[in-house]
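The values are calculated or read from the model by the stated rules, or taken from the named source; none is laboratory data. Bear in mind the structure is a predicted one, so any value in this text is a computation, not a measurement. Positions of Cβ are generated from backbone atoms using ideal geometry, with glycine treated the same way; all protein chains shown enter the neighbour counts.
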Amino acid sequence: MFAIVHMSDVVRIPPNRLTNSLKDAAVAILKEKYESMISPDVGYVIMIIDADANSVGKLVAGDGATYHKVTFKALAFYPKLQEIVEGEVVEITDFGAFVRIGPTDALLHLSQITDDYLKSDVKQGVIIANQTAKSLKIGSKLRARITAVSLGKGAAMGKIGITCRQPFLGAFEWIAEEIKKSKQSSEKKESDKKDHDKKKEGK
């Protein structure tokens, strides 16, 4: 889930950074420190949106820089367990596929794709189901549910696991087919009910 998060920090601004405004200098330093960082508290920090730096800074003996308290807003992506996400297959491996969701990649293990027996062809960049002929390839768009989240600190990628083994999840074309079958089933039930009611009325 994407969110605007409010954060605070103390920023060290060296003399050579004070050629611009205090705010611009603070934003530039915050971008270097936080953008592309992973935090267990806020998730993946994508970009710094705005910052407000206290104009009164502190000096430290032997250091020519000034230290300023800063409050700022950042765009972050925090994957939550059981959340439904949409993404694109970016890599096929022997054990499944990596799916780009937001700013990162999630693992879709072979065992979590479908109930069918699957064959992964890394050279062709495709995963094919034996009985249903369903397939996933690089570029396939899909919908999945998050089943595992592990976020480390710093620049580590973190680990996210997803599943498509639930109704109305999987490649978009699978879902469209599922919806079509569901509608046909509902229409048939409605038609059978009407026929049954007519027969009862005719008696």
Of the residues Phe72, Phe77, Phe168, Phe172, which single one is surrounded by fewer than 19 Cβ atoms within 10 Å (Cβ to Cβ), aromatic (Phe, Trp, Tyr) and either assigned by TED's automatic domain parsing to the domain that holds Val45 or closer than 19 Å to Ala3 by Cα (or both)?
Phe77
So, in region 86-97, exactly how many residues are part of a strand (DSSP E or B) and surrounded by fewer than 20 Cβ atoms within 10 Å (Cβ to Cβ)?
5
Looking at region 152-162, is at least one residue at pLDDT 95 or above and farther than 17 Å from Pro40 by Cα?
yes
Quick check on this structure: which one of Ala106, Ala133 is within 30 Å of Pro167 (Cβ to Cβ), without any contact (Cβ under 8 Å) to a residue 12 or more places away in the chain and among the small types (Gly, Ala, Ser)?
Ala133
Condition check: among the β-branched types (Val, Ile, Thr) and touching a Phe, Trp or Tyr at 6+ places or on another chain (Cβ under 9 Å). Does Val45 satisfy that?
yes
All-but-one check, Val45 against (1) in a strand (DSSP E or B); (2) free of Cβ contacts under 8 Å to residues at least 60 places away in the same chain; (3) more than 25 Å from the chain's Cα centre (by Cα), failing number (3)
Looking at region 111-130, can you tell me whether even one residue there is within 22 Å of the chain's Cα centre (by Cα), assigned to a strand (DSSP E or B) and of a type outside the set (A, V, I, L, M, F, W, C)?
no
